[in-house]
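Have a look at the structure below before the remarks.
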4 protein chains.
Amino acid sequence: MFPIKLSTILIPVLFCAILSASPVCSAQSSPISPVAEKVIIDTDIGDDIDDAFAVALALRSPELQILGITTTFGDTETRSKLLDRFLAEAGRPDIPVAAGVPSPPKSNFTQRRYAENNRYAKPSHPDAVAFLFEQIRRNPGQITLIAIGPLMNVGAAIDKDPATFRKLKRVVMMGGSIKRGYGDLGFGPPQPPQPEWNILNDIPSAQKLFAAEVPLYVMPLDATQLKLDEVKRAFLFSQGTALTDALTLLYHQWGQETPTLFDPMTIAFLVNPTLCPTQPTHIRVDEKGFSRPDPGPSNAPNPPNAQVCLDSNPDAFFRFYLNRVAAP
Amino acid sequence: MFPIKLSTILIPVLFCAILSASPVCSAQSSPISPVAEKVIIDTDIGDDIDDAFAVALALRSPELQILGITTTFGDTETRSKLLDRFLAEAGRPDIPVAAGVPSPPKSNFTQRRYAENNRYAKPSHPDAVAFLFEQIRRNPGQITLIAIGPLMNVGAAIDKDPATFRKLKRVVMMGGSIKRGYGDLGFGPPQPPQPEWNILNDIPSAQKLFAAEVPLYVMPLDATQLKLDEVKRAFLFSQGTALTDALTLLYHQWGQETPTLFDPMTIAFLVNPTLCPTQPTHIRVDEKGFSRPDPGPSNAPNPPNAQVCLDSNPDAFFRFYLNRVAAP
Amino acid sequence: MFPIKLSTILIPVLFCAILSASPVCSAQSSPISPVAEKVIIDTDIGDDIDDAFAVALALRSPELQILGITTTFGDTETRSKLLDRFLAEAGRPDIPVAAGVPSPPKSNFTQRRYAENNRYAKPSHPDAVAFLFEQIRRNPGQITLIAIGPLMNVGAAIDKDPATFRKLKRVVMMGGSIKRGYGDLGFGPPQPPQPEWNILNDIPSAQKLFAAEVPLYVMPLDATQLKLDEVKRAFLFSQGTALTDALTLLYHQWGQETPTLFDPMTIAFLVNPTLCPTQPTHIRVDEKGFSRPDPGPSNAPNPPNAQVCLDSNPDAFFRFYLNRVAAP
Amino acid sequence: MFPIKLSTILIPVLFCAILSASPVCSAQSSPISPVAEKVIIDTDIGDDIDDAFAVALALRSPELQILGITTTFGDTETRSKLLDRFLAEAGRPDIPVAAGVPSPPKSNFTQRRYAENNRYAKPSHPDAVAFLFEQIRRNPGQITLIAIGPLMNVGAAIDKDPATFRKLKRVVMMGGSIKRGYGDLGFGPPQPPQPEWNILNDIPSAQKLFAAEVPLYVMPLDATQLKLDEVKRAFLFSQGTALTDALTLLYHQWGQETPTLFDPMTIAFLVNPTLCPTQPTHIRVDEKGFSRPDPGPSNAPNPPNAQVCLDSNPDAFFRFYLNRVAAP
């Protein structure tokens, strides 16, 4: 049976989640609450822009204790340098950054200039999987891994030591496309499910994760096509805090108009699960990268292997997001 | 006691409201359903852009039978000509247009070129209040008046013949600012209530309406600051139907970037009341145009004089709106 | 020797070209001047947006007598229907439209909805090459062919009857990339020459045209990357004339932000050659679609085969363009 | 007679002005050329956005030696703090900043957050006029004063010590409206001259300057309505240098869409006078702030009191501007 533990829902922080606009709740993440959730974020920051927006939300969420951030997919060293600068400018140079094994570049590293024009870059970074295992061993059963990039590091960790990997408290991932594909915003012709980027770019690792027997929460395209439109950008990019300034600069290097905040929903869900209600599902990742519900035959139904969020309220998400990330 | 009749809620059309993307429900308004709600729209179309978007939604709602459209505030004759063209291009030249008494111009008639470059303009238009009374007498107790402009016509009608005015089934108005003012979108610093445009531009008429003892449904700023952002505009303005083409052209004459769809919520509420849930309230319009809840003294509480919607889900509204108005 | 005739420069219209903002000069194209230049426009209208903007300028240029418009590349029949509607809405349904031989679709017909949602579409269209030859025979030595699409029709005409083709007065084409490639606007890193779309999509026809011994004027990327920016769009799209309304609707179907007005420079050059000064050059189109200057060996230099415009003043172009196309 | 000295034209730098894209010429301002022009910039930076873009160009122009920057109009102390940060981030904290006498706020200090969220702000700033006089006495006849704000400091200096003020080499100002008013971009209906902001906000000081008998170069609205459109912004704001990052952040605090780069033309003119050709004119500033040419009676013509630029080529300006300011 799929081991959903009720304790993984952050009851204590619901109060703050609901009152997110209050000064207490939107305060910067230090000092960390004694009940703060220990998290590690695994990200391909630097290509699409939503990873930076996810890290920003985590930095503004006192309910989370960020043990470290690991980089995955492509030029992981430059992604780590980007994080060195981003974290330093946001006032959190203490957060460790570890780099995954690089892979051949298959994407457009849009934010390279920010990463390279960088007096905060560390000369080297520890290995991502080694860092992950070290943290798990120190905090067995306590760490939530937030996976918002292709799953190279996750797959490598499962390959290397599945038992230790299972000592994660849970994994929350942005990924998959269950009933809606890219561009399906609830108006216009429905878009059928498609292979989603984070899964498509490392299908075997995704398959391993869904079979890993770790509590898994999935935020697919169905619930994460959250558009940071012109009104929200004008608000956020004029705040003039160190954090919003960093986001503003990264946004312009990204070079497109409307960011889709796929990844930040993982953080929002952790802090306030009502922002993305999940349901137990058995998901099968096929060889083409589709992530289809697979209930199994009627007399031997598949047990759920994930809690999946199929819908969300963008307005509630953005009230939560913007009040936190824009806070002074 | 405030006479809310349950029958004013359009139970029969809820089915379509929920299934708004289905071909049956998004069909153009002809043929009109036998249970269609008889409505008259009173509008200051031509200044801000939301009136045109409200009329467009009404034209795409088979649950409504539009008996006519009346114009109010400022250059009512040019507003009527604008409607002549808009209705003709949308395939509904049969809908009567009546003009209110003109008043001194206090606003920017942004869409004047559309109105004047117009082979469909009628040489003259009947009087708005006369038209309203004629329709009420033909359909006593059956007409919903949708008021989406300053309340000159409404005030004149109440002055002239309050008994006939009370034979309206109800009034649904966009107006007021109860707990949130302009620019309060739920993020950033809260904006206190402000005098709202439709009330501010004819305060005495607004006071008469709130005292008129007609069932009154109010959609204030609190629930109607609905932003038609770049993603939604790109979708809507590329549909290429006669209706979306007309909206596209009016949008460009308006000349700003982001429309706020205040007015269309009145239509959406009529078709699907769950899009803007109301609660009974006693509203007092003061001499400066504020529209404050006034519960009265504790031992003689004021009976409610309106059903007021204080919050809405913009995403649900836009799924409803865009699926209807973009339909072929 | 390359037969540049001075008479091909429109001396009589220079007065208007310089004073383009005056009412006389910006008047609509009727009545046509007795000295008006006879032109045929060959276009792939419907994919990129600049063809429509070129036709619009031609319609507003009384110095030109448009004998007809022919369509080329891909779905030529739908392109012709698009023109049927565009010309009708602009008040010029009298201009003949002829369709080239269709070719396999290799582009994105962005403006298909405008073409198909169309009560002005003619059931069929004459053949483009036949139409061209008929017009040349009626007006030998008098017609300027304006080629603003891939050169299928041009190549077919040369193949079929090169002698008649040479009875064109001249060809003015948008095409080629001599010293600057796509995206080279004079700031940022220089972009080397690239295969340009109109040449790339039918290289053999382009080679035939450069060898056809017809006076040839070439407006390459170097002089035609003219950006219709937000300020100019706001001006143009709020004019509310039938012509600007049609451009507004097509712009939205195109679906991108900033049009590059490559093609309209051909029309501007015809009316006012100072807007794109040319110099005699020998251009060689190679098998990859590059269009390189090829001066030949020093003791046997290649005679020029084209007059090429290598630079332009965008501000002067847009003053000319916008004053004409926005005129009532 | 108006004392235009030919030597005020920067012959030595013309070479670089023409070749502005070459690495040598676009190099950062250190080391300063031995022939560099000594300048002081007087600015109301913080309201409109063009002042920051002017300072940025000066910082990237090795032909200029910036002796200091003085602030004028309204909250001069906060303007000075803004400059402290801007100069520090751009790598030039050595440039002195002096504050004019504050005046009652009449404008919107849009970039206040940037100025206040500032670890580089100096606790106080010397007096602007005292600083100006000290520099003039050290460098008599050598300093060009670049006036790009309302003329409070200029007027105060003339009042205090006109003889020393006359020891300026010259004044280059952005100001005035000779034949074209705001919004006249050469297309659309002409806009008649209007009172221009920098003159309107201190008319007596403007009158004093035009009578001060100092060589005066004027860049009015006629030549400075230079639109930084979406294409140019996308290029500039993605460069990721410290200077372009600072401009990006200020742009967003400004909060509008399209900057008009009025002020930078003063700097561009100094480096390359061909970018804004001037002609001798007698300008009269009237009591309403109009700045009209006043040739005087035919038999006693007014001698010119200024060199005025009435037209410019925006494309040439932006090639110059963007290649310099975007340089690494």
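Laid out as a table, the results:
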{"read-out": "Net lengthening on full extension, residue B:211/residue B:130 (0.36 nm per residue, minus Cα-Cα)", "value": "27.0 nm"}
{"read-out": "Greater than 21 Å apart at Cα, pairs in C:169/C:208; C:106/C:167; D:167/D:208; B:38/B:169", "value": "C:106/C:167"}
{"read-out": "Where trypsin sites (Lys or Arg not before Pro) fall in DSSP loop in segment D:104-135, at most 15 other Cβ within 10 Å", "value": "D:106, D:119"}
{"read-out": "Under 18 Å from the Cα of residue A:179 - lysines, other chains or at least 8 residues apart", "value": "A:288"}
{"read-out": "Taking only Cα atoms of the protein assembly as shown, radius of gyration then Dmax in Å", "value": "33.7, 110"}
{"read-out": "Distance between segment A:31-108 and segment A:186-255 - C-alpha centres, whole angstrom", "value": "14"}
{"read-out": "Given charges at beta-carbon only (K, R positive; D, E negative), |dipole| of segment D:39-129 in Debye", "value": "320"}
{"read-out": "Estimated vicinal HN-Hα couplings, Hz - segment A:107-119 in sequence order (Karplus 6.51, -1.76, 1.60; Gly, Pro = x)", "value": "9, 9, 7, 5, 9, 5, 4, 4, 6, 8, 8, 8, 8"}
{"read-out": "Helix-derived mean residue ellipticity, 222 nm - over the protein assembly as shown, DSSP H n ≥ 4, -39500 (n - 2.57), to 500", "value": "-10000 deg cm²/dmol"}
{"read-out": "Spin-label model distance (nm) - residue C:160 vs residue A:139, 7 Å beyond Cα toward Cβ", "value": "7.6"}
{"read-out": "Aspartates and glutamates with Cα under 13 Å of residue A:81, excluding same-chain neighbours fewer than 8 positions away", "value": "A:44, A:89, A:116"}
{"read-out": "About the Cα centre, charge dipole magnitude for chain B (Lys/Arg +1, Asp/Glu -1 at Cβ), debye", "value": "600"}
{"read-out": "Per-copy distances of the residue B:93 label point, shortest first, in nm (7 angstrom along Cα→Cβ)", "value": "1.5, 7.4, 7.4"}
{"read-out": "Other protein chain Cβ atoms within 10 Å, averaged over every residue that makes up D:111-123", "value": "2"}
{"read-out": "Label-point separation, residue B:242 to residue B:116 (7 Å along Cα→Cβ), nm", "value": "2.6"}
{"read-out": "Whole-Å semi-axes of the ellipsoid equivalent to chain D (Cα gyration tensor, √5λ, descending)", "value": "27, 22, 21"}
{"read-out": "Dipole moment magnitude, nearest 20 debye, the protein assembly as shown about Cα centre, only Lys, Arg, Asp, Glu C-beta charged", "value": "0"}
{"read-out": "Peptide-level mean, for C:227-238, of C-beta atoms on other protein chains within 10 Å", "value": "6"}
{"read-out": "Label-to-label distance, nm, for residues given as residue D:287 and residue D:103 (7 Å Cα→Cβ offset)", "value": "1.9"}
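Rule-based calculations on the coordinates, nothing more; no lab input. For clarity, every value in this text was computed on a predicted model and none was experimentally measured. All Cβ positions, glycine included, derive from the backbone under ideal geometry; neighbour counts span all protein chains shown.
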